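Notes follow once the structure below has been shown.
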Amino acid sequence: MSAGQRSLALSAVASAAMAAGLASLAYTADHGAISAGIAGVAGGAAAWLGMRRGLPSEEEQRSRRVLSVGSGACLFTWGSDDEIWFSDGWTEAFDIPSGRHTKPEVWLGRVHPEDFGALVHGIGAVRSGEQAVLRQHYRIRCGEDWHWFDLHARRVDDGGAALVTGAVQDVTLAHSMQTRLAHSAFHDPLTGLPNRALFLDRLEHSTARARRNPLHRFAVVFIDVDNFKVINDSLGHHAGDELLDIVAKRLATCARSGDTVARIGGDEFTVLLEPVDSPDDADKVALRLRNAVHGSAVVAGHPVEISTSVGIAFSSPDYTDALDLLRDADTAMYYAKRAGPGNQRRFDQAMHESAKRRLSVEAELRRGLDGDGLLVYYQPIVSLVTGHLDGFEALVRLIASNGALISPAEFIPLAESQGLIDKVLDRVLADTTARLAEWSKVMPDIYVSVNVSARSVGAGLVGKVRDALALHDLSTARLKLELTESVLVEPSSQVAQSLITLGAMGVGLFIDDFGTGYSSLAYLHQFPVSRIKLDRTFVMALDGDHVPEIVETIVTLSASIGAKVIAEGIETANQLEALIARGCSSGQGFLFAPALPGEKAAQLVHERRGWPLTTTPRPALVSRAPTASA
């Protein structure tokens, strides 16, 4: 190697050392490495300037050592005659003596077999002039271990002679840190399973592959742990974590080798089944996964039974977005959960239409709450003793933007699940108390009963009722609250205190749908119940030849606690006659009138409307078509 070539080589080595030093800055925040990187840059610059001043050979050697130590890199120069010069750093890192060598295998022979081809090809490309700069990440044996190194090299031309100069630097620690960071970014820290991001990435690849090849078929299984909140709340979050880890291990053990099991959040897991031949095959694999998870386990020292609800969505050409497939699997899981713990369902078009309808109803509900689409109708409650109007039941109605009536059976459960039910109650209380203020001027004893969801019964209910009545200076006796038995059977201390306070204020409590769900009657003595509402299913049975004994039982029971009975859903004269004969005090239903808009209800109040209590069928007060079933 000529003096000129050595000068050019050392200049290029200095540049490579600069790159290596800068690389150390990028790879790690370790202060020692940063210092070494800075020294490499400074040393490289000094050496480069020194070469331009024509330092003697001894100074060249000293500069090489400064660059090698200062940069923390192993420097090399590869001549066109396969002669390689190694810096002192190679001795410490690989036990390769510094100086000149004529056998490249002293270095390349240590490279990992999987990285050897790419490294040799890259160096060859630089030596041949195919490319000017090379940066390669590869493994090399250091003692008994494999270390990761970064190589920075460049080609130097001098009068037709070509040199490759560069530096290699140990980045094993930085590589390990990057690997751990990459793993944590795409894996759940609790279970070690792929997380939502990695699952969606793989799902997107499967979806794209299916678009290219319609014969490629796969499925998404969505798994939700039943009663997880109960375990988490009763035994503690550490117990919940332990349960999730058990479920994860059971799923991973049972899954096929090509499937992806992931935890995407909370108590929700997903499995990408790929490939599967048919929807039936997907059902079978999902069933096997479900059976693997179900069973006994000990969590935080307590025996528990694990079950899951499973939804399945099978791929089809219609899916172009991976999120749609995940959404549909989630929807199917929701239907499985509705069927009870431990069930599974496969997504179908009916579910899709139902989900769209749910979104549409939610949008209409929010619009109704913001505007005038949420209306209060009033169904008359008639005395079965005098035939006179006793009061009304307030029934909320949702009018869609196209004018269609949306059933309370649709929007009330949705309002509860979306946290909107209190706003609905506010709207009903406001309308009801405003109308009562007018109606009580004509009928001082009139009342209106308002349905209250179990989710609205709590400390805030007392204040809502008190404020609504006070706004119109109304007596508490004018307002009644209708509650289902589920609220009263096992109330929390807060709910119980609220109901007792309301009773003490003089607000009457009605029990709705009595006798349809619970056998315990102890709560009847605990709370000030003034009315019991006989469910329409019992009233409908009065049209038959045999009158259910439960009707007489409820009437007798009510009398024993000082409460009266209101029969719901009276539609025929036979039903009315049977109820009167058994001492039922009041009733409501289409035989008298459907639920009416506030203005029409006001007409009944001002007319002091009465109904003859005969067995002769009477026409409906208004057409049923514009209103929903009461």
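Every listed requirement among (1) open to solvent by 20 Å² or more (accessible area, probe 1.4 Å); (2) modelled with pLDDT of 85 or more; (3) assigned to a helix (DSSP H, G or I) is met by G583 save one, (3).
Is it true that D283 is more than 24 Å from S184 (Cα to Cα), in contact with a Lys or Arg (Cβ under 9 Å, 6 or more places away or on another chain) and open to solvent by 50 Å² or more (accessible area, probe 1.4 Å)? For D283, the condition - more than 24 Å from S184 (Cα to Cα), in contact with a Lys or Arg (Cβ under 9 Å, 6 or more places away or on another chain) and open to solvent by 50 Å² or more (accessible area, probe 1.4 Å) - is not met. Number of residues in region 276-326 that are on the phi < 0 side of the Ramachandran plot, outside any strand (DSSP E or B) and not aromatic (F, W, Y) equals 31. Take the residues in region 149-177 that are open to solvent by 50 Å² or more (accessible area, probe 1.4 Å) and either assigned to a strand (DSSP E or B) or without any contact (Cβ under 8 Å) to a residue 60 or more places away in the chain (or both), then tell me which one is farthest from T77 (Cα to Cα). Selected residue: D170. Candidates in region 236-280 are the residues that are open to solvent by 40 Å² or more (accessible area, probe 1.4 Å) and small (G, A, S); of these, the one that is nearest to the chain's Cα centre (by Cα) is G266. Comparison of L365, L359 shows that the only residue that is surrounded by 19 or more Cβ atoms within 10 Å (Cβ to Cβ) and either hydrophobic (A, V, I, L, M, F, W, C) or within 30 Å of S309 (Cα to Cα) (or both) is L365.
Mind telling me which of the residues G89, G122, G129 ends up being surrounded by 15 or more Cβ atoms within 10 Å (Cβ to Cβ) and over 12 Å from V168 (Cα atoms)? Result of the check over G89, G122, G129: G122.
This table checks each residue for (1) buried (at least 23 other Cβ atoms within 10 Å of the Cβ); (2) at pLDDT 95 or above; (3) under 18 Å from the mean Cα position of the chain (by Cα).
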site: A329; (1), (2), (3): yes, yes, yes
site: M333; (1), (2), (3): yes, yes, yes
site: R338; (1), (2), (3): no, no, yes
site: M351; (1), (2), (3): no, no, no
site: D372; (1), (2), (3): no, no, no
site: T386; (1), (2), (3): no, no, no
site: F392; (1), (2), (3): yes, yes, no
site: I399; (1), (2), (3): no, no, no
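Taking the condition without any contact (Cβ under 8 Å) to a residue 60 or more places away in the chain, surrounded by 16 or more Cβ atoms within 10 Å (Cβ to Cβ) and farther than 23 Å from H183 by Cβ, does N213 pass? Criteria not met by N213.
Among the residues of region 464-490, those identified as in contact (Cβ under 8 Å) with a residue 24 or more places away in the chain and either more than 18 Å from S449 (Cβ to Cβ) or not in a helix (DSSP H, G or I) (or both) are L471, H472, D473, L474, S475, L479, K480, L481, E482, L483, T484, V489.
The values are calculated or read from the model by the stated rules, or taken from the named source; none is laboratory data. Just so we're clear, the structure is a prediction, and the values are computed from it rather than from any experiment. No Cβ is skipped: glycine too gets one built from the backbone with ideal geometry, and neighbour counts run over all protein chains shown. Surface areas here come from the heavy atoms of the whole protein model, side chains and all, with no ligands, DNA or RNA. Shrake-Rupley method; radii C 1.70, N 1.55, O 1.52, S 1.80 Å.
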